[in-house]
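Structure record follows, encoded as structure tokens.
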């Protein structure tokens with residue numbers, strides 16, 4: 001098995017083991033609310049903006065840029081090594 005396949009298999013297995021198992025049972029008291037408590041209404045401050053958040057947009061754009069650079073680096077590495085070298089037993 002090539003080292004790339006071995007690494008991919010290892011990462012997939014580690015992700016599967018680390019993933020939390022789903023449970024169909026309801027939680028007994030998920031947020032600590034007792035039946036006799038009254039609901040509390042929380043209102044946003046009048047000065048809160050509901051418009052476009054440039055900070056969140058910048059974080060998202062930075063994440064996309066990092067992913068694009070990693071992908072470009074991977075493609076450049078594969079082209080530099082050549083496709084024939086990847087299929088040879090190692």
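No lab work stands behind these numbers, since they all come straight from the coordinates. Bear in mind that the values here come from a model prediction, so they are computed numbers and not experimental data. Glycine gets a Cβ as well: all are built from the backbone with ideal geometry, and neighbour counts include every protein chain shown.
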The FRET efficiency for residue 52 and residue 17, from their Cβ-Cβ distance with R0 = 25 Å and rounded to 0.05, is 0.05
With the label point 7 Å along the Cα-to-beta-carbon line of residue 4 and a cut-off under 15 Å to each amide N, the hits in the range 51-84 are 71-84
